[in-house]
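A short write-up of the structure that comes next.
No lab work stands behind these numbers, since they all come straight from the coordinates. Computed from a predicted model, the values in this text were never measured in an experiment. Every residue, glycine among them, receives a Cβ derived from its backbone with ideal geometry; neighbour counts consider all protein chains shown.
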Amino acid sequence: MSDTGNKAALDRSDSRVRHDEGIGGAIRAFIDRVRSGDLGMLPVAVGLVLIATVFWSLNPIFLAPNNLVNLLFDAAAVGCISLGIVCVLMLGEIDLSVGSMSGVASALIGVIWVKLGFPLPVAILAALSMGALMGMVYALLLTRFGMPSFVSTLAGLLALLGMQLYLLGSTGSINLPYASPLVKFGQIMMMPAWLSYLLAILPGAAMVWFGLDRMRRRAAANLSNPGLSVLLAKAIILTVALLAVVWYLSQGRGIPYMFGLFVALVVIMNYALTRTKWGRAMFAVGGNREAARRSGINVNRIRVSAFMVCSTLAALGGVLAASRLASSSQQAGTGDVNLNAIAAAVIGGTSLFGGRGSAWSALLGILVIQAISNGLTLLNLSSSLRYMITGAVLAIAVIVDSLARQSRASHGRA
Amino acid sequence: MTDPREGAAQPILKLRGVSKQFGAVQALKDIELDVHAGEVVALVGDNGAGKSTLVKVLAGVHQPTDGAIEFMGQPVTLDSPGKALELGIATVFQDLALCENLDVVANLFLGHELGPWALDEVQMEVRAWTLLQELAARIPSVREPVASLSGGQRQTVAIARSLLLDPKVIMLDEPTAALGVAQTAEVLNLIERVRDRGHGVILISHNMEDVRAVADRIVVLRLGQNNGVFTAETSNAELVAAITGATENAVSRRRARKLEEVEQ
Ligand SMILES: Nc1ncnc2c1ncn2[C@@H]1O[C@H](COP(=O)(O)OP(=O)(O)OP(=O)(O)O)[C@@H](O)[C@H]1O
Ligand SMILES: [Mg+2]
């Protein structure tokens with residue numbers, strides 16, 4: 001292959017750069033990154049371990065397999081909403097109406113499917129379309145009238161809440177049929193064991209497959225490679241961890257399909273943000289809007305897409321919430337849903353300042369929020385305390401974000 | 001050398017009566033400018049003369065308040081930066097316009113990535129290194145965010161980006177302001193290479209030495225208006241007079257004083 005012996009790789013001609021090779025090099029590079037304020041997923045991972053340890057010591061049931069399965073069930077709906085929030089935060093915008101949007105979606109399911117008797121897919125499609133439409137409205141208010149998303153979505157919050165109450169009418173709540181596939185999906189449908197284990201092996205296998213392909217192409221192009229050992233180590237650690245999780249949850253009821261759907265959406269979003277032209281444009285618009293515009297990116301189209309994706313995912317979250325609760329009620333999407341969704345994205349490491357973030361932050365963040373809420377419920381503590389603690393965690397997350405930002409600035413890492 | 005304009009009767013870029021108003025400020029007034037194929041046009045003028053504004057109008061960043069722009073003989077409206085890039089007008093902006101949160105490769109290919117649905121990172125990285133080596137760039141790693149680069153390195157990245165799409169006209173707004181000796185020489189070489197390929201170049205610089213070294217024509221702007229067209233043979237005093245608008249100016253007074261001091 002490449003004659004690296006006498007001809008330096010294309011990207012290795014500058015002697016000032018330390019080249020981190022092998023597993024030791026990967027660890028050293030990671031420590032350097034963290035030191036300079038590029039924390040990534042580290043704070044949330046540490047937080048999750050901390051929270052689990054505290055609640056487990058207060059009440060061992062917290063880590064019981066079936067409690068964790070319930071936690072996953074509860075995480076899917078708000079997690080979905082949070083995934084959309086990641087998109088708008090990436091642009092440095094915000095959508096404060098996602099809670100009400102999910103409430104309207106849940107009401108639409110009840111009215112169109114149960115009350116009016118249309119087929120379920122029609123009702124779901126209507127709910128999602130309503131979300132897409134609402135996102136389009138916010139984006140147009142921003143691009144045409146320069147209305148800050150903070151204000152337009154606050155107005156949207158009220159308008160949607162009114163619409164939800166209007167749709168549900170005087171009865172206030174519509175029960176969904178228990179035997180229906182939608183309710184089963186939200187309450188009892190579990191992946192068979194073989195599928196769970198297969199899905200646990202898949203990421204590691206894909207990592208090795210694509211990693212080897214990448215290494216081959218980089219070598220052919222005379223570019224340096226971080227080394228096979230790093231790739232294999234990462235893949236093995238990931239696979240072992242996932243297998244352990246699946247095995248542990250299988251001691252209980254197993255892995256809910258609903259959570260599987262959520263993770264699948266996270267994976268798709270991650271691909272879109274990191275591996276497509278659209279994702280590049282999202283980061284660019286969030287980082288420096290004028291530079292993105294001068295590069296020929298249609299900034300307004302990117303904004304429209306982000307708001308539409310956000311509201312549509314909020315609507316999907318509402319559908320999942322209805323399926324979980326087996327009802328469309330006036331309470332759906334109210335209370336702390338809104339703030340939990342936004343907090344999850346921020347806690348997971350997506351910056352409020354735009355231009356930095358990851359789809360995975362929705363997954364990790366919602367696990368933190370759900371763990372706190374679940375743990376406090378187990379301790380029979382009222383929601384008053386839950387709100388205060390979640391608020392404190394959010395504040396800590398924002399402080400970590402700001403401090404990391406300052407540190408990155410002083411280390412020249414944007 | 002033969003006259004680069006021979007045979008290319010029609011200019012690539014032709015501006016007639018272009019004006020730009022920012023509120024009460026008349027940044028450009030009735031600008032006339034021709035750029036032919038295989039020609040380097042230097043645009044000089046004092047701070048605030050309107051050079052960058054003119055470049056931004058041609059890059060589609062600002063819309064002119066008045067006037068007509070012809071590209072390859074066709075009247076065009078440059079209503080967005082994308083439109084200008086599409087036509088083949090590439091720009092290195094004075095403020096560089098890079099995304100600090102993205103790495104060098106992402107910045108180079110921004111808006112024009114290879115593989116829209118599955119980014120071809122390997123191919124893009126190879127292309128990035130090739131472009132940067134052409135400019136004798138000293139960039140340690142193309143996978144670090146641009147925020148970690150020095151001013152000159154960023155400028156090199158911005159110049160490399162303008163070459164990516166093989167443009168017909170390239171506009172460089174003070175491209176060598178932050179560059180080292182070797183890199184400046186490479187940029188001047190590059191300007192000549194681009195010209196020899198038959199493309200048009202608009203170069204903005206406050207460095208008269210660089211301007212004389214590569215420019216075929218020197219267009220002077222003063223207070224947003226044309227103030228004469230010169231060649232590299234024009235004397236320095238004449239150029240400075242055109243730029244400042246008076247034969248009696250800060251530069252000539254300083255020279256006279258120095259001369260006096262020597263004579264004493
Ligand atoms: N966006 C803007 N809004 C209002 N006024 C502007 C804007 N951009 C430029 N101007 C004004 O237009 C005039 C010309 O500015 P321009 O940036 O084109 O100068 P320049 O010739 O590039 O100067 P320099 O050599 O300092 O870069 C200045 O008086 C400036 O104040
Ligand atoms: Mg300028």
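Couple of notes before you dig in:
- Taking all Cα pairs closer than 8 Å and separated by 6 or more residues, the relative contact order of chain A comes to 35 percent.
- Applying a DSSP loop filter and a limit of 15 other Cβ atoms within 10 Å to the chymotrypsin sites (Phe, Trp or Tyr not before Pro) in the stretch B:97-186 leaves B:Trp117.
- Legend: mean number of C-beta atoms from other chains within 10 angstrom of residue C-beta atoms, peptide B:96-107, equals 6.
- If R0 is 25 Å, the Cβ-Cβ spacing of A:Tyr387 and A:Met147 corresponds to a FRET efficiency of close to 0.25.
- Excluding same-chain neighbours fewer than eight residues apart, the lysines reachable from B:Lys51 by a Cα-Cα span under 19 Å are B:Lys14, B:Lys20, B:Lys29.
- In terms of its C-alpha gyration tensor, the stretch A:263-414 comes out oblate, because a/c is 1.5 or above while a/b does not outweigh b/c.
- Placing a label point 7 Å from the Cα of A:Thr334 along the Cα-to-Cβ direction, the residues of the stretch A:378-414 whose backbone N falls under 17 Å of that point are A:383-384.
- Spatial separation of Cα centroids for the stretch A:108-187 and the stretch B:34-92, in angstrom: 48
- The stretch A:311-389 and the stretch A:260-306: distance between their alpha carbon centers, rounded to Å: 23
- Fully extended contour minus Cα-Cα distance, from A:Ile27 to A:Ile396, at 0.36 nm per residue: 130.2 nm
- The stretch B:13-233: projected area of the alpha-carbon convex hull, averaged over directions, in nm²: 12.2
- Beta bridges by DSSP in the stretch B:133-246, antiparallel share as percent, to the nearest 5: 45
- A Förster distance of 51 Å, applied to the separation of the beta-carbon atoms of B:Gln10 and B:Ser150, puts the FRET efficiency at 0.75.
- Sparse packing (at most 11 other Cβ atoms within 10 Å of the Cβ) combined with a DSSP loop state is found for none of the trypsin sites (Lys or Arg not before Pro) in the stretch A:26-110.
- Summarising the label geometry, the points placed 7 Å from Cα in the beta-carbon direction at B:Leu259 and B:His206 lie 2.5 nm from one another.
- CD proxy at 222 nm, helix term only [per DSSP H run n ≥ 4: -39500 (n - 2.57); per residue of chain B; nearest 500]: -10500 deg cm²/dmol
- The label-point distance for A:Ile237 and B:Ala182, in a model that sets each label 7 Å from Cα toward Cβ, rounds to 3.8 nm.
- FRET efficiency, A:Val54 to B:Lys83 (Cβ-Cβ, R0 60 Å, nearest 0.05): 0.55
- Counts of other chain beta carbons within 10 angstrom of each beta carbon in peptide B:73-84 average 2.
- Sequence-distant lysines (8 or more away, or on other chains) whose Cα lies within less than 26 Å of A:Lys184: A:Lys115
- Result for chain B in a Gaussian network model with C-alpha springs under 10 Å: among B:Asn107, B:Asn236, B:Asn227, the largest mean-square fluctuation is at B:Asn236.
- Each residue of the stretch B:93-98 was assigned a 3J(HN,Hα) from its phi angle through the Karplus curve 6.51 cos²θ - 1.76 cosθ + 1.60 (θ = phi - 60°); the sequence is 7, 4, 8, 6, 6, 9 Hz, with glycine and proline shown as x.
- Helical contribution to [θ] at 222 nm, DSSP H n ≥ 4, -39,500 (n - 2.57), averaged over chain A, rounded to 500: -24000 deg cm²/dmol
- Per residue of peptide B:117-130, the mean number of Cβ atoms on other chains within 10 Å of the residue Cβ is 4.
- Cα centroid separation - the stretch A:205-230 against the stretch B:96-122, whole Å: 20
- Of all DSSP-defined beta bridges confined to the stretch B:13-233, some 55% are antiparallel rather than parallel.
- In this simple spin-label model, placing a label point 7 Å from the Cα along the Cα-to-Cβ direction at both A:Ser170 and B:Ala118 gives a separation of 5.9 nm.
- Chain A: C-alpha gyration tensor shape, a/c 1.5 cut-off, then a/b vs b/c: prolate
- Take every pair of alpha-carbon atoms less than 8 Å apart whose residues are at least six positions apart; their mean separation over the length of chain B yields a relative contact order of 24 percent.
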